[in-house]
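Following: one structure in structure tokens, then a few remarks.
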Amino acid sequence: MKRLASTELTVVHSREDIPSTEMKSLFLAGPTPRKKHNLEWRSEAIKILKELGYNGIVYTPTERKGEFDRNVLKEQCAWEYKTMMACDAIVFWIPRQKRQDFEMIALTTNVEFGRFFESNKMFCGAPNDAKSIEYLKIISENRYEWTNTLRDTLKRAVDYLGEGVYREGAECLVPKHIFESAQFQNWYKSHKQNGNQLTDFKTLFEFIAPYSKKMFMTIFKPDVFIEKENRTKNNEFVVARTDVSYICAYHKTKKETKILLCEEFRSPVVNDDSMVYELVGGSSDNPNDDELQVAANEFEEETGVKLKKSRFKKVDIKQSAATLCSHRITLYSVELTDEEIKHFEEDKDIHGVTEATEQIHLHVMTLEDALKKVDWTNAGMIFAAMKGKE
């Protein structure tokens, strides 16, 4: 039976163990006085969190007893990095003061702010009289909103965390917004089904789509105990993005088969044209869209032609590149009419979603020419879709 995560606010101090179960967690980041006196704002923060009804874990880089011991500085740095990586939210409260004793100058805070700036889980605040935080506010524009009271800053974090999500063991190292994402769960569920266990986890990168403001991709480094082999794999990373639907649209005659391709500039492309040639396809940031709906939507967006969903025939669902990427591709085929293939042959318009910076040119090619233009993933999809039709 699972042990339930604590339903009370739990404070974890410097170098103490990460709890074995949790629903939600936050880290209190900001200047830390080296001597105990009334400048310690974290005591007030914990009091406010209790008043707000917060019942999760609070990581505080302060000693439970006594004053800070510089002899354990390396251990302290390692603990702070690990808990800031693992927590669901980082609350940066920066009441910076330029004191002669350097007590509230918050030099380390600047480093931590930059180190976790791309984490998309920061909540930032500072009193109106805080010194030298203009630069932090400028680089935060369009990413993090600042508040000027400790209560408001904490409340935004508490509201974001909500009821939390249950995790145990190494799952507690996976931040909430990643753990509950489809990108992570698509990867994690298959391992759990096969008895594999997550033993460690580190987020390496996240990309938020600029037009939808939702997480499109995350890259993480997991340590996985492999049940079948009785060993732990700990030297690889996973690129986890949203799943994709592709459509192999074709027109077949006794003489030849023609394939509809999209030409578009994509930055990673390496070929003679510096342009990608691929099947119609894409993903959705709407969790209510199933694979078929995504396929229908993408076909209309990228070609300008709306087809009935009943015309799309599911071919298969497979991982795209199993040694690197965890996302899956659902492949459909659709046979185009004489009128439709003629329309696409004459189509000179630019298609795609402008907000997503898409500029798609359509091409109709023979099967032989199409296979020369596309990458191995698209070549495989074309072969799978056309199997038995040649």
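Taken together, the values in this text are just the output of simple stated rules run on the coordinates, not laboratory data. Because the structure is a prediction, the values reported are computed rather than measured. As a convention, Cβ positions derive from the backbone with ideal geometry for all residues, glycine included, and neighbour counts pool all protein chains shown.
If you compute semi-axes √(5λ) of the Cα gyration tensor in Å for the structure shown, which of [x] 31, 28, 20; [y] 37, 22, 18; [z] 50, 23, 17 do you land on?
Read-out taken from this structure: [z].
Based on C-alpha coordinates, I'd like the Rg and Dmax of the range 42-185, in Å.
Gyration radius and largest Cα-Cα distance of the range 42-185: 15.8, 50 Å.
Would you work out the relative contact order for the chain, in percent, from Cα pairs under 8 angstrom that are 6 or more residues apart?
Contact order relative to length: 12 percent.
Which net charge results when you count Lys and Arg as +1 and Asp and Glu as -1 among the other residues whose beta-carbon is under 13 Å from that of Trp93?
Every neighbour counted, the sum reads +1.
Quick check: residue separation of Glu141 and Phe383 times 0.36 nm, minus the Cα distance between them. What number comes out in nm?
Net length gain for the segment: 82.4 nm.
How much mean residue ellipticity at 222 nm does the chain get from its helices, if each DSSP H run of length 4 or more adds -39500 (n - 2.57) and you divide by all residues, to the nearest 500 deg cm²/dmol?
The per-residue figure over the chain is -8000 deg cm²/dmol.
Please compute the contact order of the range 224-351 in relative form: average sequence separation of alpha-carbon pairs under 8 Å and at least six residues apart, divided by the residue count, as a percent.
29
Would you mind counting up the charge near Ser132? Only other residues with Cβ under 9 Å from its Cβ, with Lys and Arg at +1 and Asp and Glu at -1.
Residues close to Ser132 contribute a combined charge of +2.
Using Cβ counts within 10 Å as a stand-in for footprinting exposure, how do Val270, Val374 rank, fewest first?
Val270, Val374
Test of understanding: what is the full-extension gain from Asn128 to Ser310, defined as 0.36 nm times their sequence separation minus their Cα-Cα distance?
59.5 nm
Give me the base-10 log of I(q)/I(0) for the range 244-386 at each q in 0.11, 0.17 Å⁻¹, Debye formula, one uniform scatterer per Cα, rounded to two decimals.
With one equal scatterer per Cα and no solvent, log10 I(q)/I(0) is -0.37, -0.96.
By how many nm would the segment from Glu345 to Lys318 grow when fully extended, if each residue of separation counts as 0.36 nm and the alpha-carbon distance is taken off?
Residue separation times 0.36 nm, minus the Cα-Cα distance, leaves 6.7 nm.
Return the distance in nm (one decimal) between the two label points of a simple spin-label model at Lys213 and Lys192, each offset 7 Å from Cα along Cα→Cβ.
Placing both labels 7 Å along Cα→Cβ, they lie 3.0 nm apart.
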